[in-house]
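The block underneath contains the structure these notes are about, expressed in structure tokens.
The values are calculated or read from the model by the stated rules, or taken from the named source; none is laboratory data. What you are looking at is a predicted structure, and each value in this text was computed from that prediction instead of being measured. Cβ sites come from the backbone with ideal geometry, for glycine too, and all protein chains shown count toward neighbours. For the accessible areas, the whole protein counts, side chains as well, though only heavy atoms, and no ligand, DNA or RNA atoms are used. Shrake-Rupley method; radii C 1.70, N 1.55, O 1.52, S 1.80 Å.
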Amino acid sequence: MTDSRSFDAIIIGAGAAGMFCAALAGQRGRRVLLIDHSPEPGRKILISGGGRCNFTNIGATASNYLSANPHFAKSALSRFTPADFIDLVDRHGIAWHEKTLGQLFCDGSSKQIVAMLLEECAAGGVQTAFGQAATIEHRDGAFHVLVGKDAVQAPALVLASGGLSIPKLGATSFAYDVARRFGLKIVEPRPALVPLTLSGEQALFKTLSGVSADVVAQIGAGEFREAALFTHRGLSGPAILQVSSYWRHGDTVTIDFVPDLLAGWLRQAKRDAPNNTLRRQLGRTLPDRLAETLSDQLGHPHELGRMTDLALEAAERRLSAWQFTPNGSEGFAKAEVTIGGISTAELSSKTMEAKRVAGLYVIGEAVDVTGWLGGYNFQWAWASAHAAAAAL
Ligand code: FDA
């Protein structure tokens with residue numbers, strides 16, 4: 001810590017958004033203090049992307065984000081793009097590759113991204129206070145922060161302490177609590193990018209634990225073609241995590257198990273191979289155990305040749321729009337992100353500053369902007385951090 005007690009900006013949360021904001025503001029000559037209650041910065045970065053950090057998505061636009069105001073993210077995302085972050089990664093000599101769907105990962109390890117951000121902070125002369133809790137007071141136009149035993153102050157305070165996902169990695173409601181104290185509205189935070197759970201009649205699908213299939217999953221406006229995975233608690237895999245962000249209690253998930261087959265495929269199969277059973281026919285496109293469960297559920301154990309065209313059409317319709325009604329999700333303990341958060345209506349989309357509280361900024365996941373799976377959430381962290389840093 002410092003012997004100087006005044007800073008230009010105090011940033012709470014040394015995750016993706018907080019570290020990047022601190023580095024950029026420091027490099028603009030601002031005196032910055034970066035605080036985190038965890039002794040280790042960037043813990044979510046470290047475990048992200050299976051340890052390789054899916055640090056951006058080259059296709060990121062505002063349409064890949066959920067928010068009460070779908071336009072809010074446009075300004076920040078357009079002023080700091082995936083290409084800008086790739087430049088930074090390249091300058092640090094970090095090798096990366098595109099895995100699929102525009103998702104960029106480190107070839108080596110997520111540790112390289114944390115090390116890069118810390119080097120950038122050091123280049124900006126950022127001071128740090130890690131492993132210490134902070135309390136905040138606002139008086140005489142300044143933010144007074146008690147961190148450990150040190151009293152510090154600044155005219156600007158940046159809330160970068162993230163959402164509620166994965167409390168065991170240090171997630172807290174700090175940003176929301178401070179925002180509420182200042183009278184800012186919060187859009188109800190909910191777990192997102194999270195496995196969904198099944199009960200009742202549909203619990204039998206849990207016996208397929210470990211089976212996955214390429215499907216189209218859909219809830220409302222969210223429709224994704226990716227893998228779905230059955231688990232011992234219900235449904236997971238990228239397709240399910242994606243639609244979980246659109247799910248609310250009582251909603252149905254519609255799954256197309258045969259997205260590549262054209263209408264009439266079962267009637268055609270009956271003509272081509274009338275002695276085939278539905279299970280065997282389905283087994284050509286789906287894992288055997290899933291084909292068995294679906295055909296059992298459809299109640300057609302006979303050869304296709306013994307089924308009427310009407311029955312085959314009905315089976316096709318169910319297979320391409322199978323309805324699951326989850327009874328819940330695996331909650332914040334397993335959610336990759338938190339949907340909802342500090343209302344965008346309270347913030348300037350240009351600077352991320354609270355409209356009604358001069359000097360208070362909110363960035364990253366604490367804001368009601370939630371990305372799809374695939375590097376979009378980090379891109380929001382970088383872009384919102386950049387927007388705030390330019391204003392500090
Ligand atoms: P973040 O949560 O990163 O940082 C908040 C910081 O604030 C933490 O360091 C925390 O300790 C600190 N803090 C919290 N409460 C505090 C308090 N009271 N006082 C002081 N400090 C406090 N996204 C993506 O784009 N690509 C990916 O590959 C992945 N992978 C992934 C895997 C897993 C398992 C998870 C859980 C999440 C992802 N994500 C992801 C999502 C991504 O990690 C997330 O959106 C960003 O880390 C959000 O960045 P923030 O800086 O806003 O919050």
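One table, with the values for the structure above:
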read-out	value
Residue count, segment 163-198 (criterion: aliphatic (A, V, I, L, M) and part of a loop (DSSP other than H, G, I, E, B))	7
Pairs, first among the hydroxyl-bearing types (S, T, Y) in segment 373-392, second more than 8 Å from the ligand (Cβ to nearest atom), C-beta under 6 Å, six or more apart	Y376/A60; Y376/N64; S384/A76; S384/M352
Test: residue in segment 103-118 that is touching a residue at least 12 places away in the same chain (Cβ under 8 Å), of a type in the set (S, T, Y) and within 15 Å of the ligand (Cβ to nearest atom)	yes
Qualifying residue in segment 174-184 (condition: among the hydroxyl-bearing types (S, T, Y) and open to solvent by 30 Å² or more (accessible area, probe 1.4 Å))	no
Residues being aliphatic (A, V, I, L, M) and over 16 Å from A134 (Cβ atoms) - total across segment 158-188	6
Condition check for A175: within 23 Å of the chain's Cα centre (by Cα) and under 22 Å from A390 (Cβ atoms)	yes
Test result for S165, over 30 Å from Q323 (Cβ atoms), buried (at least 17 other Cβ atoms within 10 Å of the Cβ) and within 26 Å of the chain's Cα centre (by Cα)	no
Segment 343-373: number of residues that are open to solvent by 10 Å² or more (accessible area, probe 1.4 Å), under 24 Å from T100 (Cα atoms) and not aliphatic (A, V, I, L, M)	2
Selection count where residues are touching a strand residue (DSSP E or B) at 6+ places or on another chain (Cβ under 7 Å) and not β-branched (V, I, T), scope segment 241-289	14
Strands (runs of 3 or more DSSP E) completely within segment 7-126 that count 2 or more residues being buried (at least 16 other Cβ atoms within 10 Å of the Cβ)	9-12, 32-36, 54-57, 103-106
Total residues in segment 154-203, condition touching a Pro at 6+ places or on another chain (Cβ under 8 Å) and more than 9 Å from the ligand (Cβ to nearest atom)	5
Residue in segment 91-99 that is without any contact (Cβ under 8 Å) to a residue 60 or more places away in the chain and either near the ligand (Cβ under 10 Å from one of its atoms) or within 29 Å of G340 (Cβ to Cβ) (or both) present	yes
Total residues in segment 374-392, condition open to solvent by less than 10 Å² (accessible area, probe 1.4 Å) and more than 11 Å from the ligand (Cβ to nearest atom)	4
Options A68, A22, A14, A60: the member that is within 15 Å of the ligand (Cβ to nearest atom), under 17 Å from the mean Cα position of the chain (by Cα) and among the aliphatic types (A, V, I, L, M)	A60
Options F324, F332: the member that is touching a Ser or Thr at 6+ places or on another chain (Cβ under 8 Å), open to solvent by 50 Å² or more (accessible area, probe 1.4 Å) and either within 12 Å of the ligand (Cβ to nearest atom) or not acidic (D, E) (or both)	F332
Enumeration of residues in segment 199-225 that are in a helix (DSSP H, G or I), under 24 Å from A333 (Cα atoms), without any contact (Cβ under 8 Å) to a residue 40 or more places away in the chain and open to solvent by 40 Å² or more (accessible area, probe 1.4 Å)	K206
Qualifying residue in segment 183-197 (condition: farther than 27 Å from F378 by Cα and assigned by TED's automatic domain parsing to the domain that holds S63)	yes
Among (1) open to solvent by less than 20 Å² (accessible area, probe 1.4 Å); (2) closer than 28 Å to S209 by Cα; (3) in contact with a helix residue (DSSP H, G or I) (Cβ under 9 Å, 6 or more places away or on another chain); (4) not in a loop (DSSP other than H, G, I, E, B), the one test that E292 misses	(1)
Segment 267-289 - residue that is under 17 Å from L204 (Cβ atoms) and part of a loop (DSSP other than H, G, I, E, B) and, of those, least open to solvent (accessible area, probe 1.4 Å)	L286
Residue check, A133 open to solvent by 60 Å² or more (accessible area, probe 1.4 Å), closer than 19 Å to L392 by Cα and out of contact with any Cys (no Cβ under 6 Å at 6 or more places or on another chain)	no
Of the criteria (1) open to solvent by 50 Å² or more (accessible area, probe 1.4 Å); (2) in a loop (DSSP other than H, G, I, E, B); (3) touching a residue at least 60 places away in the same chain (Cβ under 8 Å), which one W247 fails	(1)
